[in-house]
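The values are calculated or read from the model by the stated rules, or taken from the named source; none is laboratory data. Every value quoted in this text rests on a predicted model; they were computed, and no experiment measured them. Reconstructed Cβ throughout: ideal geometry from the backbone, glycine too, with neighbour counts over all protein chains shown. Note: areas computed on protein heavy atoms with side chains; ligands, DNA, RNA excluded. Shrake-Rupley method; radii C 1.70, N 1.55, O 1.52, S 1.80 Å.
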Amino acid sequence: MTTVTLLATHAAYRDDIGDLVTRRPVPGPGLEQIGAFLFLNHHGPQTYPANNRGLPFGPHPHRGFETVTFILEGSLAHTDSAGHESIIRAGGVQWMTAGRGIVHAEVSPAEFKQAGGPMEILQLWVNLPSRLKMTAPRYVGLQSEAFPGVAAGKCATVHLVSGAFEGRTGSIESLTGVFLCWAELAAGAMLTFDGLADRDLFLYAVRGSVKIGDRSLPNWHLASLSAGDTLTLTADEPALILFGHAAPIPEPVVAHGPFVMNTVQEIHQAYADYQRGAFGVAEIVAG
């Protein structure tokens, strides 16, 4: 078995959206994507005052990929043109397959806007192969109870979202066999993931820093990792990481705005379909 090593680190750059603190490690300078993992927005951490305006993501379209949203603090109200509606709170996850086209809104529920409080959210975009880009949209939103911590390694806890780990299976089934989790490591922790051969690997340090071998992945940095079977992380301080792996998709990626397809022509078609109303309409959740 070969060991995964850390090749490079990529700092998330600040790209605030109004008063929403936002960091984005990918895409970024010199890094278009990490295989099937296309985009990550890290919103917060920050504390909203009472009587705030909340998150600014009113109705907008997507086609050709999936969004996976981790609500670490606060709450998030979702509604979409396929008829799904939910309010997901801290520790929960939303997994939306845009497929052939969907309009959704992601805003703060009324109670959060009234009371305020801490907020930290991660949104990851995961590519779909051409055979699934025009699949029917779907949505799964689950609360924290669906992702109980699995004690793993030494002083580590894994919150399994999709895929298999230590005999457990995640609560959300990925169309393409994507593995996703977030993990908490205490000071002195050691955590190992295996079965990684021939997979695209995604590792982001959300809080604190971790080590791969003798190299550190600092807070708010994304890792470029070597190929290998096994990844071992250690932590000298408390840390929280987002980790995933996926089968490579050996196809062209053409991304423009809210659409990710294989050709420029398909992007033009996506805009045309959206403008003629083919994606439907999403109403903003009142709270």
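The table that follows gives values for the structure above.
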item: From phi via Karplus (6.51, -1.76, 1.60), per-residue ³J(HN,Hα) for region 39-54 in Hz, x at Gly/Pro; result: 6, 9, 10, 10, 9, x, x, 7, 10, 8, x, 4, 6, 8, 8, x
item: Using a Förster distance of 51 Å, the FRET efficiency for THR169-ARG53 (Cβ separation, nearest 0.05); result: 0.85
item: Label-point separation, MET190 to LYS154 (7 Å along Cα→Cβ), nm; result: 0.4 nm
item: For region 118-216: rounded, prolate or oblate by the Cα gyration tensor [a/c cutoff 1.5]; result: prolate
item: Within the accessible area of region 193-280 (1.4 Å probe), percent carbon and sulfur; result: 52 percent
item: Two-site FRET efficiency, VAL264 against GLU32, from Cβ-Cβ distance with R₀ of 25 Å, rounded to 0.05; result: 0.95
item: Per-pair calculated FRET efficiency, R0 = 22 Å: ARG207 and ASP16 via Cβ, rounded to 0.05; result: 0.70
item: Cα centroid separation - region 1-75 against region 126-142, whole Å; result: 19 Å
item: Most positive-pole-ward Cα, ILE17, THR5, SER162, against dipole of the chain from beta carbon charges; result: ILE17
item: Whether region 63-169 is rounded, prolate or oblate, judged on the alpha carbon gyration tensor where a/c under 1.5 counts as rounded; result: oblate
item: Placed amide H near HIS159: partners under 5 Å, 5+ positions off or other chain; result: VAL150, TRP182, ALA183, GLU184
item: Per-residue SASA entry for TRP182, accessible area with 1.4 Å probe, Å² rounded to 10; result: 20 Å²
item: Kirkwood estimate for the chain, i.e. one over the average of 1/r between Cα atoms, Å; result: 19.3 Å
item: Region 65-197, relative contact order in percent, only Cα pairs under 8 angstrom and at least six apart counted; result: 24 percent
item: Low-density loop positions, trypsin sites (Lys or Arg not before Pro), region 24-120 - DSSP coil, at most 12 other Cβ in 10 Å; result: ARG53
item: Solvent accessible area, Å² - ASP236, 1.4 Å probe, full protein context; result: 110 Å²
item: Solvent-accessible area of GLU266 with every protein chain in place, 1.4 Å probe, in Å² to the nearest 10; result: 70 Å²
item: Most mobile of PHE65, PHE179, PHE57 in a GNM of the chain (Cα contacts under 10 Å); result: PHE57
item: Value at 222 nm in deg cm²/dmol, rounded to 500, when DSSP H runs of n ≥ 4 in the chain each add -39,500 (n - 2.57); result: -2000 deg cm²/dmol
item: Portion, in percent, of the accessible area of region 18-124 that falls on carbon or sulfur, probe 1.4 Å; result: 50 percent
item: Proximal aspartates and glutamates to LYS211, defined as alpha-carbon separation beneath 13 angstrom and excluding residues fewer than eight positions away on the same chain; result: ASP236, GLU237
